[in-house]
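Asker: Just passing along the structure, written as structure tokens.
The values are calculated or read from the model by the stated rules, or taken from the named source; none is laboratory data. The structure presented is a predicted model; accordingly, all values stated were derived computationally and were not measured. Neighbour counts are summed over all protein chains in view; Cβ atoms, including those assigned to glycine, are modelled from backbone coordinates with ideal geometry.
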Amino acid sequence: MKHPHTRHNAAGLRSRTGRFTLIALLTALPALLFAWSAGWLSSRLSPQQFVDQLEQNGGRHAGFRRNHAKGLCVSGYFEPSADARRLSTAGVFAAGRHSVNGRLSIPGGNPYGADDKAPLRSLGLQIDGGSAHEWRMALNSSAVFVVARPEDFYALLQAQQPDPVSGRRDKEKLRAFFNRHPETAAFRQWQSQHTPSDSFANSRYNSLNSFVFTDNAGTERYLRWSLIPQQAYQPQAADNGADFLAADFRRRVAQQPQRWTLQLQLAADGDPVNDATRAWPAERPTVNAGTLVINAAGPQQQGACRDINFDPLILPAGIRPSGDPLLAARSAVYSDSFTRRITEQATQEHPHD
Amino acid sequence: MTDHFHWLIRTLHWLMAIAVFAMLCIGAAMVSSVAGSHSWLTGLHRPLGMLILLLALLRLAVRLMTRQPGLPPDMPRLQQRAAQASHILLYSLMIVLPLVGWATLSAGGYPLILAGEVQLPPLLEKSNTLYALLRPAHRWLAYALLLLILAHLAAALFHALIRQDGVLQSMLPGRAKK
Ligand code: HEM
Ligand code: HEM
Ligand code: HEM
């Protein structure tokens, strides 16, 4: 009675094995698809690698931004012009005052970096334009960005990594990088010709990346913008020292509000809208879009700016990003830097947890 | 045993199977890439996730109001329990995961824009402590959902290819017999 039954089972087992294999394969397929999406099957550049490299270069300072770590919080308002309203439907351009949180900073991952050696200065802004109309941006004082593509910025950060023993950058590596990257010429020329001003207040801040404004009629225009200081330029003195920018700015704001004009520069057909290393010709039309007024400033570790991510892709309806590849990379990298520092910040707020 | 789920459950099941799996891949891709796709993937992740939340609630309501085909009576008790528990977990995660995503953005002080002029209000106050909890929670819950879906798929195929008991048919198109 047992014999024929066993033979029958043995024959069935083979096809059962086949079916189990099929089940395993069909289950592995979506698992593989997910692994591919997550980048586990390739070596593509990730936001985490960027932030790791920034930590290599600037050190890991718990709670601080992984780049532009040194800065101060500022606040005030933005008052748009009627001309801005004609170019974009964004709520930040509706008549009136829109409250602003901001942050002035210098680049680098070191929160105690030297002000007088900073290659440039920066401004992050969050303008309240109402629901679905918040505008965040992060601007630099350089005329152009140093490279056009995220992977090249990563390579530059690698070349800038200080020697673990001497703590200095390797001049040879940097020279080799710049030789391989002729697109850095415009940035380096700006750097060599530019004498920094003596204050955050009389520095100019530029979007560098391009964006698209959409008006009431649906017409789209590519443009870049700058915040042009209304405070007069004075060159940075040789003996300012490593720590003057924040104190200077707080002193000025205590005396009177500091103002910038938001100037839009409109692209012409054929201008390089996806390449932040290339400035547009100076004769391109500009539009005065309003005035930024900063009337308060304070230390970043207690200020409102500390826990804000000035992600340049948080845009109001009526403004959208161009195809500049730096923008998506910035958004992804800032988010990872934000998550790391906010997690550390939370631990510092609850040291016993 | 050739009974079927309500047609609306079946339609939603397959639409959402695709959408939920796509969301897992979209989420994993957008946080691991600096390419241009990061922007549009992020723009898709939020509205699609909120749509899944809406559909999951609708589906749960239909589920509670209709009669289910029921599992084959000859299925071992433990397997029946596991099947029921896994379905409850799948429903829970389809509802909890979007809520945690929404709460993560709120705690981080980010605006949640679904499209154009449509912004959802924050679920909770901006909070570093909550962001530090919710951001990793969203990831680990998503990974749990992925594993659960893979097991669920394997189980469905087990029913179809090994047991051949009509359980897969109960989720497929076709008129209910009897
Ligand atoms: C791929 C290129 C870039 C990378 C990887 C990068 C990386 C970073 C990171 C990690 C932070 C810290 C973010 C945070 O924790 O909140 C940061 C801040 C900043 N970045 Fe960039 N950046 C890039 C390009 C640019 C460009 C083109 C500009 C200017 C137009 C810029 C201006 C700023 C400013 C102003 C801040 C400080 C914002 C604040 O105060 O929070 N960055 N960057
Ligand atoms: C792609 C492969 C999939 C297959 C072959 C599949 C197959 C099935 C089958 C045959 C059932 C009926 C089980 C029973 O009789 O109780 C079922 C139920 C269910 N499936 Fe799937 N499914 C898949 C994907 C998914 C995904 C991605 C989700 C959700 C994230 C999901 C969620 C559910 C839920 C919650 C139930 C229980 C239905 C209820 O009781 O209302 N399924 N699935
Ligand atoms: C079924 C629904 C959802 C699934 C399956 C899902 C899945 C994922 C996954 C796999 C990640 C990557 C996590 C990591 O590896 O760290 C992620 C990230 C994220 N998701 Fe979701 N998600 C869903 C719904 C939502 C919703 C509705 C929102 C917001 C409204 C949201 C907001 C986020 C945010 C903010 C991140 C992190 C982005 C960053 O850190 O840059 N998710 N999601």
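Asker: Could you list, in sequence order, the residues of the stretch B:125-146 that are surrounded by fewer than 19 Cβ atoms within 10 Å (Cβ to Cβ) and not in a helix (DSSP H, G or I)?
Answerer: Once the filter is applied, which keeps residues that are surrounded by fewer than 19 Cβ atoms within 10 Å (Cβ to Cβ) and not in a helix (DSSP H, G or I), the stretch B:125-146 yields B:Glu125, B:Lys126.
Asker: Quick one: which of B:Pro69, B:Pro122, B:Pro73 is surrounded by 16 or more Cβ atoms within 10 Å (Cβ to Cβ), away from chain A (no Cβ under 14 Å) and part of a loop (DSSP other than H, G, I, E, B)?
Answerer: Result of the check over B:Pro69, B:Pro122, B:Pro73: B:Pro69.
Asker: A further question follows. Determine if the stretch A:273-285 includes at least one residue that is within 12 Å of chain B (Cβ to nearest Cβ), of a type in the set (D, E, K, R), touching a strand residue (DSSP E or B) at 6+ places or on another chain (Cβ under 6 Å) and more than 16 Å from ligand 3 (Cβ to nearest atom).
Answerer: Scanning the stretch A:273-285 turns up no residue that is within 12 Å of chain B (Cβ to nearest Cβ), of a type in the set (D, E, K, R), touching a strand residue (DSSP E or B) at 6+ places or on another chain (Cβ under 6 Å) and more than 16 Å from ligand 3 (Cβ to nearest atom).
Asker: Right, here's the next one. Based on this model, can you work out whether A:Thr214 counts as in contact (Cβ under 8 Å) with a residue 12 or more places away in the chain, under 27 Å from A:Tyr77 (Cβ atoms) and polar (S, T, N, Q)? First the steps, then the outcome.
Answerer: Numbers: in contact (Cβ under 8 Å) with a residue 12 or more places away in the chain: yes; under 27 Å from A:Tyr77 (Cβ atoms): yes; polar (S, T, N, Q): yes.
Here the answer is yes, as A:Thr214 does meet what is asked.
Asker: Just give me the residues in the stretch A:253-292 being more than 23 Å from the chain's Cα centre (by Cα), in a loop (DSSP other than H, G, I, E, B) and not hydrophobic (A, V, I, L, M, F, W, C), in sequence order.
Answerer: A:Gln256, A:Pro257, A:Asp269, A:Gly270, A:Pro281, A:Glu283, A:Arg284, A:Pro285 - these are the residues of the stretch A:253-292 that are more than 23 Å from the chain's Cα centre (by Cα), in a loop (DSSP other than H, G, I, E, B) and not hydrophobic (A, V, I, L, M, F, W, C).
Asker: Something else: Looking for whichever is more than 16 Å from ligand 3 (Cβ to nearest atom), over 16 Å from B:Lys126 (Cα atoms) and in contact (Cβ under 8 Å) with a residue 60 or more places away in the chain here; the options are A:Gly298, A:Gly303. Which one fits?
Answerer: A:Gly298
Asker: Is it true that some residue in the stretch A:27-44 is away from chain B (no Cβ under 14 Å) and over 30 Å from A:Ser131 (Cα atoms)?
Answerer: Looking for residues that are away from chain B (no Cβ under 14 Å) and over 30 Å from A:Ser131 (Cα atoms), one finds none in the stretch A:27-44, hence no.
Asker: Can you tell me which residue within the stretch A:311-353, out of those that are among the hydroxyl-bearing types (Ser, Thr, Tyr) and more than 7 Å from chain B (Cβ to nearest Cβ), is nearest to A:Gly102 (Cα to Cα)? First the steps, then the outcome.
Answerer: As a first pass, look at the stretch A:311-353 and keep what is among the hydroxyl-bearing types (Ser, Thr, Tyr): A:322, A:331, A:334-335, A:337, A:339, A:343, A:347.
Going one step further and asking which of them are more than 7 Å from chain B (Cβ to nearest Cβ), we end up with A:322, A:334-335, A:337, A:347.
Values: A:Ser322: 23, A:Tyr334: 16, A:Ser335: 18, A:Ser337: 18, A:Thr347: 24 Å.
Ranking the qualifying residues of the stretch A:311-353, first place goes to A:Tyr334.
Okay, residues lined up against (1) under 17 Å from A:Asn209 (Cβ atoms); (2) within 16 Å of ligand 2 (Cβ to nearest atom); (3) at pLDDT below 95; (4) not in a loop (DSSP other than H, G, I, E, B):
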| residue | (1), (2), (3), (4) |
| --- | --- |
| A:Gln301 | no, no, yes, no |
| A:Cys305 | no, no, no, yes |
| A:Leu326 | yes, no, no, yes |
| A:Arg330 | yes, no, no, yes |
| A:Asp336 | no, no, no, yes |
| A:Arg341 | no, no, no, yes |
| A:Glu344 | no, no, no, yes |
| A:Pro351 | no, no, yes, no |
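Asker: Moving on to the next point. From the list B:Leu124, B:Leu147, B:Leu153, pick out the single residue that is out of contact with any Ser or Thr (no Cβ under 7 Å at 6 or more places or on another chain) and more than 16 Å from ligand 1 (Cβ to nearest atom).
Answerer: Step by step, each of B:Leu124, B:Leu147, B:Leu153 is checked, and only B:Leu147 is out of contact with any Ser or Thr (no Cβ under 7 Å at 6 or more places or on another chain) and more than 16 Å from ligand 1 (Cβ to nearest atom).
Asker: So if I check each of B:Met65, B:Met50, which one is within 16 Å of ligand 2 (Cβ to nearest atom), farther than 30 Å from A:Gly303 by Cβ and touching a strand residue (DSSP E or B) at 6+ places or on another chain (Cβ under 8 Å)?
Answerer: Checking each option against the conditions leaves just B:Met50.
Asker: Which numbered condition trips up A:Ile228, out of (1) under 23 Å from the mean Cα position of the chain (by Cα); (2) more than 27 Å from A:Ala296 (Cβ to Cβ); (3) surrounded by fewer than 20 Cβ atoms within 10 Å (Cβ to Cβ)?
Answerer: (2)
Asker: Within the stretch A:238-272, how many residues turn out to be touching a residue at least 60 places away in the same chain (Cβ under 8 Å) and either of a type in the set (A, V, I, L, M) or outside the structural domain of A:Ala201 (by TED's automatic domain parsing) (or both)?
Answerer: 6
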